[in-house]
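> Take this structure first; my questions come after.
What follows draws every value from the coordinates through simple rules; no lab data is involved. These numbers come from a predicted model, not from an experiment. A quick note on method: Cβ atoms are made from the backbone with ideal geometry, for glycine too, and the neighbour counts reach across all protein chains shown.
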Amino acid sequence: MGLIELIAIAVGGMVGGGIFSILGVSASMIGFLTPVAIIIGGFIAMLAAYSYVKLGVYYKDEGATYSFVKRTFPHKHIATATIGWYVIFGYISTLSLYAYTFASYAISDSAYADNVWVRKAVAWGIIAVFTLINLWSVKGMGKIEDLMVYTKLIILFVISILLMQHGQTNFSSFVDQMLKDAENARLLHILIVASITFVAYEGFQLVINAVNEMTNPEKNIPRAIYGAIILVIVIYVVIALGALFAIPIENLVRDKEYALAAGASEAIGQIGKNLVIFSAVLATSSAISGTVFGSSRQMAVIAEDKLMPGYLAKRNRQNIPANALITMALLASLLILIGGLQLILEFGSITFLLVSLLMAATNFKIREKTRSSKPATLLAIIGLLTGAVLILYYEFTNKWEQMVFILAIYAILSVAAYLFAKRKHRLESQN
């Protein structure tokens, strides 16, 4: 794989539904300052990427996150188990987010657009479809997947430009409104939104999963990851500007589950709305398929290491981890049942902030081997920890019951990781 294909993998992983979901949530909290929060969120993603790049170049292990901790702390089963459980449930949250977003846009032009149970039913259905496809066995789509990625990006750019041209807001009035919002908004709120949007940048680490198929990984891993994040920041800012130029804030807030489609319909007509729906469905479909495929195999690998239930490691005659696939689908469906869009967004962002924080700590441990800058690694640790704390602070001050729910999940994950780590230690002692 060359640089263009690797960037496509990373961009495809990031632009998989996040931007379609965060616009309405962000606009409801900080209005016209949404692009600013998106840029800060991109900076946080850069901080997270630094350690992934250094560890990826050093280890050149397609197992990425889980394997980095496993190889850095070979006898620390609790650390390895914890990162494994966190990573898997992070993927479950993003799978839920993609499916929920798919459903929101798929029914946005129907009479059931605001029916939350129809939306959840469609989300469950699309997860089931891609689970069955993966169980049936489908080979990689290769160039077709690349074509899908770049096609959805072109469509999004075209839509954004059309929205800015046909919107009721011009550049001067947009700047005035942004300055007005800046006077009223607190820096804390902007940083909270930036932290919440972090989940929209999750996916850049997929480049490392292709390390065995790429040329010159020492150069292409950093080029692909940093280049993809910069490209995605530009894409997200352009989309946000298009939405804010053309769609009144109150409409973005009201229709936050499918804000871009609703706004496109009002600004550029039914054709624009259909383009948005098509690109959202295309983006989320490819993301759902990729997440189900990759995360189920990582779950099976963790189970093979005896750090998750053994039945998850079982594979069928085609070497497909069927039990892991079905478990991923059921847990993602359960999360959709329990929570709405914002809860899924916040849970996903906190999870990947924590996972990235653990990656930064891992990189700090062997910074001399990975040739990492101590100040840069410490900055990453501080930035990622701050982001996670900010989301929890927002939950505590606004929806404390959601914070309790999120913390309860992490407590369960931590206990499960601890018990399986101790179990593995006992088995090794007996042998």
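> Out of the trypsin sites (Lys or Arg not before Pro) in the stretch 170-238, which ones are loop residues according to DSSP with at most 13 other C-beta atoms within 10 Å?
Details: sites: LYS180, ARG186, LYS219, ARG223; in loops: ARG186.
Within the stretch 170-238, the qualifying trypsin sites (Lys or Arg not before Pro) (loop, at most 13 other Cβ atoms within 10 Å) are ARG186.
> Determine the dipole magnitude for the chain: charges of +1 sit on the beta-carbon of Lys and Arg, -1 on that of Asp and Glu, nothing else is charged, the reference point is the Cα centre, and the result goes in debye to the nearest 20. Mind showing how you got there, number by number?
Details: 32 positive and 24 negative charges, 339 e Å.
The calculated dipole for the chain is roughly 1620 debye.
> Among LYS399/LYS422; LYS374/LYS399; LYS365/LYS422; LYS120/LYS306; LYS60/LYS374, which pairs are too far apart, with a Cα-Cα distance over 26 Å? Don't jump to the answer; show the numbers that get you there.
On the way: LYS399/LYS422 35 Å; LYS374/LYS399 37 Å; LYS365/LYS422 23 Å; LYS120/LYS306 34 Å; LYS60/LYS374 21 Å.
Distance filter (> 26 Å) returns LYS399/LYS422; LYS374/LYS399; LYS120/LYS306.
> Specify the angular offset, from 0 to 90 degrees and rounded to the nearest 10, of the alpha carbon long axis of helix 3-14 from the longest principal axis of the alpha carbons in the chain.
In the chain, helix 3-14 runs at an angle near 80 degrees to the longest axis.
> Another question, if that's okay. Given the rule -39500 (n - 2.57) for each run of at least 4 DSSP H residues, summed and divided by the residues of the chain, what is its mean residue ellipticity at 222 nm, to the nearest 500 deg cm²/dmol? Each step should come with its number before you reach the end.
Details: 18 runs with 347 residues, N = 431.
So the helix-based figure for the chain works out to -27500 deg cm²/dmol.
> Using only the Cα atoms of the stretch 334-431, build the gyration tensor, take square roots of its eigenvalues as a ≥ b ≥ c, and label the shape rounded, prolate or oblate: rounded if a/c is under 1.5, else prolate if a/b is larger than b/c, else oblate. All intermediate terms of the calculation are to be shown ahead of the outcome.
On the way: a/c = 2.85, a/b = 1.17, b/c = 2.44.
Cα axes put the stretch 334-431 in the oblate bin.
> Decide, for the chain, between rounded, prolate and oblate: order the square roots of the alpha carbon gyration tensor eigenvalues as a ≥ b ≥ c, take rounded if a/c falls under 1.5, and otherwise choose prolate if a/b is larger than b/c, else oblate.
Working: a/c = 1.58, a/b = 1.43, b/c = 1.11.
Here the chain falls in the prolate category.
> Shifting gears a bit: Quote the charge dipole size of the stretch 200-353 about the Cα centre in Debye, to the nearest 20; the model charges only the Cβ of Lys and Arg (+1) and of Asp and Glu (-1).
Values: 10 positive and 10 negative charges, 94 e Å.
Value, rounded to 20: 460 debye.
> What is the helix-to-structure angle for 187-196, meaning the angle in degrees between its Cα long axis and the longest Cα principal axis of the chain, kept from 0 to 90 and rounded to the nearest 10?
Helix 187-196 sits at roughly 60 degrees to that axis.
> Hey, another quick one. Note the angle between two axes, namely the Cα long axis of helix 171-184 and the longest principal axis of the Cα atoms of the chain, as a number of degrees from 0 to 90, rounded to the nearest 10.
Roughly 60 degrees between the two axes.
> Below 8 Å, C-alpha to C-alpha, sequence gap of six or more: please give me the relative contact order for the stretch 3-430 in percent. Display every interim value, and only then the final one.
Values: 643 pairs, mean separation 144.5, N = 428.
That works out to 34 percent.
> If packing is taken as the mean number of other Cβ atoms within 10 Å per residue, what is the order of 368-378, 323-333, highest first?
Details: 368-378: 13.9, 323-333: 22.0.
Answer by packing, highest mean first, reads 323-333, 368-378.
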